[in-house]
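Working notes for the structure below.
The values are calculated or read from the model by the stated rules, or taken from the named source; none is laboratory data. Computed from a predicted model, the values in this text were never measured in an experiment. Note that we place each Cβ from the backbone using ideal geometry, even for glycine, and neighbour counts take in every protein chain shown.
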Amino acid sequence: MDSPFPSVPQSLVTDGWDPVAQNDIDAFKRRLFSHLKHSRAKNPETATSNDWYQVTALAVRDMLVETWMDSVRAAAHADSKQVYYLSLEFLMGRSLESNLLAVGMWDVCLATFADMGLDFGGIKTEEPEAALGNGGLGRLAACFMDSMATLGIAGVGYGIHYHHGMFRQEIRDGQQIELPENWLTHGNPWEFERPEYTHPIRFGGWVEQGQDALGRPFFRWHPAEELMAVAVDMAVPGYGGFSANSIRLWAARASHGFDLVQFNKGEYLDAVRAEVDSESLSRVLYPNDSTQQGRILRFKQEYFFSSASLQDILRRFRREQDDDFDLMPQKVAIQLNDTHPAIAVAELMRLLLDEHHCPWADAWTICKGVFSYTNHTLLPEALETWPVAVFEALLPRHLQIIYDINAVFLAEIRQLRPGDDDLVRRMSLIDESGERRVRMSHLAVVGSHHVNGVANLHTELMKNGIFADFEQLYPGKIVNKTNGITPRRWLNQANRPLARLITHSIGDGWQTNLDRLRALLPLADDSAFRDEFLSIKQANKRRLALFASRSLGAVIHPDSLFDVQIKRIHEYKRQILNVLHVITRYNRLCQRQFRQNVVPRTVVFAGKAAPGYVLAKLTIRLILAVADVVNRDPRSRDALRVLFVPNYDVSTAELIIPAAELSQQISTAGTEASGTGNMKLALNGALTIGTRDGATIEIAEEVGEENLFFFGLSADQVAATVRDGYDPWAIYRDNHELAEALEMVRNGAFSPGEPDAFKPLFDSLTSGGDRYRVLADYGDYIACQDRVDAAYLQQGDWTRKAILTVARMGKFSADATILDYAREIWDVHGTSPYALGEQRN
Ligand SMILES: *Cc1c(COP(=O)(O)O)cnc(C)c1O
């Protein structure tokens, strides 16, 4: 490699950082004080909580940099195939605790702060979340990074270095308001900006066509606009310290070469304004989950990070293999997380054709050899299409390439199915039905060797629904990879008391081989173990109650059943169904005879609504309004409380999930692709009440249907209501309790000052056609909730079911998911001992 100091002695590189032993408080303390002085220029007397956070982060960072650099070097030496995960979102959460656990320094850190008389709990919450994602899709990317690093699968996660991540949600006057999240205000100790890895990104202009001296056609793009993508790296340490990977996020910067003319003409302010415009590209994450907004800036973000990543991947590839591009499929796997980076297919073609002069057919073969695509949703409003006019204006060369790909692809279809013009129209990369648009999912499918869904049901629905034509023509291309979660964050870190109990009972090792939790199975019938398990759940519930009273001024009772629905607010996720249950319960409690022998409940909600999503924001307002009534009324307040925890993010999830006893997974069957919240909650011993949807079906297969609460229409039955007709009013008329609850929503029972406030919700469930079949599932849901109450009264048996649930969640480790991608899609294998251990199973 091209080091300017090839003969530097190895000792100079490694000395000075003898590892801190895992029990050496004094050594750890010395590191903290050294950073306090040399990195912060502070004395202990003037150090703030934030200073202590920063120096702890720097001390931990020093340790993980060692493994990180070794890993990157080892992968380069081994010339091993690299996996590149392209994702517009990485919902990482905080890093201090997870990095401490990964490098084995958690205990010594706690002991050090205790020794200094400082509260580490207050220090770790100084860290702002890296909330560079909306919800499940971004969190999946974060879990996958953790698993790849832990398994020793070499790769890089590529994304955008947003200046403002997901907005901060506050509640004012009973409604959501959105505030900008300034996660970089105090600087980010985890990141390394690397200006030496900067790539130009271009937009607009025109394409010159001509012939070279040999008579071959060439295309030369003359862009009108240029900006720069600068790399910002973060280490992702694998658990146990065997290996580490990088996340490389691109920050937009102005390209001064371009503005020089303006500067020289004395138009200084205009040139600086152009700089502001360039940098606005990575300014903010779009806060829409599962919907396409169709904004130009979003289109530019997608191209910006796809192009920068592709240029970087080619740079890395050529460093080892020169211009032997045919080797790319053996050395490079690129996973597209949803269609957001689908433009990467056209970009790789452009780079190979125009910049590296590959023949077209070779370039196309290379593309199909390196790309694979994960679909995350079947909702039509989420499927990305961009107007051809937008491509013409911003990416004219890419549009030509997409047309060329389409021509080859459609010719292939015509050969396979002569005369079927309708098939050609359906499969084309261009939707010609109205304003001509590019179908990004078709581009991703055609340019990939594998396409995957994220749970069995979702994959089947893909094969029979939106991608049925592709499945027919290319059987075997669409495969399933059920999502998973990292047990390091979601059990070992978020629920330390349970983690300790598990380790004490069955030993270590489950953190990297989650199937080992099966050893807990016999303990489900051990009353001493049950008591310990239960008392941990109670302590976690008290912790949440304490947070509610201290931070939210809300009173909840730790002896009640903690019933939890935490996820983005969306009609398909049906928070409204949960609210209708709460109202029904309230109405029952208002009648004296129902107040005997009730099981007290605390219904916990958390979630953000997209700022422009009117019904979702109104749903939050309804939850808060119902809470206000229910929590005050003396007839209900002892038996029913509603808590809305604002600003749902990874840290909030880590607080709520260990306290949950009931996990609500109540989407309309066929709409939730997988879900991962369902997995986190079950892994922490919550029983699930849910529909047969997404990965909840597979959770039931693992834990046993007798250990969860299924209700409602199946995906097939929902489809039948679409086919055969559906009348919400008929259900309304038939169910007295439902009608009563709905009327209260309509008539202002929860909004006395503004009686029509919630009418749009009522209307969408009735005259609006009830798209998500809330009314159809209401009756069965209420009956199921009654079964939940009855089951909760049998405390010993409930705890037994909870333990069995935890013990059978091994399948949902992201490690298992990633090993499956590695085997079937990427053709790589892990090099850490954990990967070898799992692969033997
Ligand atoms: C896991 C997670 C999600 C996804 O939850 P679902 O219930 O699967 O929708 C969303 N947001 C955060 C912060 C998460 O941790």
Can you pull out the residues in the stretch 661-684 that are aliphatic (A, V, I, L, M), within 21 Å of residue 785 (Cβ to Cβ), part of a loop (DSSP other than H, G, I, E, B) and within 12 Å of the ligand (Cβ to nearest atom)? 666
May I ask you to say which residue of 118, 140 is out of contact with any strand residue (DSSP E or B) (no Cβ under 8 Å at 6 or more places or on another chain), over 16 Å from residue 190 (Cβ atoms) and among the hydrophobic types (A, V, I, L, M, F, W, C)? 118
The stretch 100-122, residues that are surrounded by fewer than 22 Cβ atoms within 10 Å (Cβ to Cβ) and within 17 Å of residue 651 (Cα to Cα): 120, 121, 122
When restricted to 378, 457, the only residue modelled with pLDDT under 95 and under 30 Å from residue 697 (Cα atoms) is 378
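Conditions tested, residue by residue: (1) surrounded by fewer than 23 Cβ atoms within 10 Å (Cβ to Cβ); (2) touching an Asp or Glu at 6+ places or on another chain (Cβ under 9 Å); (3) under 20 Å from residue 131 (Cβ atoms).
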| site | (1), (2), (3) |
| --- | --- |
| 283 | yes, no, yes |
| 289 | no, no, yes |
| 314 | yes, yes, no |
| 321 | yes, yes, no |
| 333 | no, yes, no |
| 345 | no, no, no |
Output the number of the condition that residue 44 fails; it satisfies all remaining conditions of (1) modelled with pLDDT of 90 or more; (2) surrounded by 20 or more Cβ atoms within 10 Å (Cβ to Cβ); (3) not in a helix (DSSP H, G or I). (2)
With the structure loaded, tell me whether residue 518 is touching a Cys at 6+ places or on another chain (Cβ under 8 Å), under 30 Å from residue 103 (Cα atoms), in a helix (DSSP H, G or I) and touching a residue at least 12 places away in the same chain (Cβ under 8 Å) or whether it fails that test. no
Can you list residue pairs whose Cβ atoms sit under 6 Å apart, with the first residue in the stretch 476-498 being under 15 Å from residue 685 (Cβ atoms) and the second being not in a helix (DSSP H, G or I)? Count only pairs 6 or more apart in sequence or on different chains. 485/676; 487/511; 487/813; 492/511; 495/684
Look at residue 302 and say whether it is under 21 Å from the mean Cα position of the chain (by Cα), part of a helix (DSSP H, G or I) and among the charged types (D, E, K, R). yes
For the stretch 85-103, name all the residues that are assigned to a helix (DSSP H, G or I), closer than 15 Å to residue 490 by Cβ and either more than 16 Å from the ligand (Cβ to nearest atom) or not hydroxyl-bearing (Ser, Thr, Tyr) (or both). 97, 101, 102
Test set (1) within 23 Å of residue 562 (Cα to Cα); (2) surrounded by fewer than 24 Cβ atoms within 10 Å (Cβ to Cβ); (3) within 14 Å of the ligand (Cβ to nearest atom) - residue 705 fails condition number: (3)
Quick one: in the stretch 541-593, which of the residues that are surrounded by fewer than 21 Cβ atoms within 10 Å (Cβ to Cβ) and of a type in the set (Lys, Arg) is farthest from the ligand (Cβ to nearest atom)? 592
Those residues of the stretch 427-451 which are of a type in the set (D, E, K, R), touching a helix residue (DSSP H, G or I) at 6+ places or on another chain (Cβ under 8 Å) and part of a strand (DSSP E or B) amount to 437
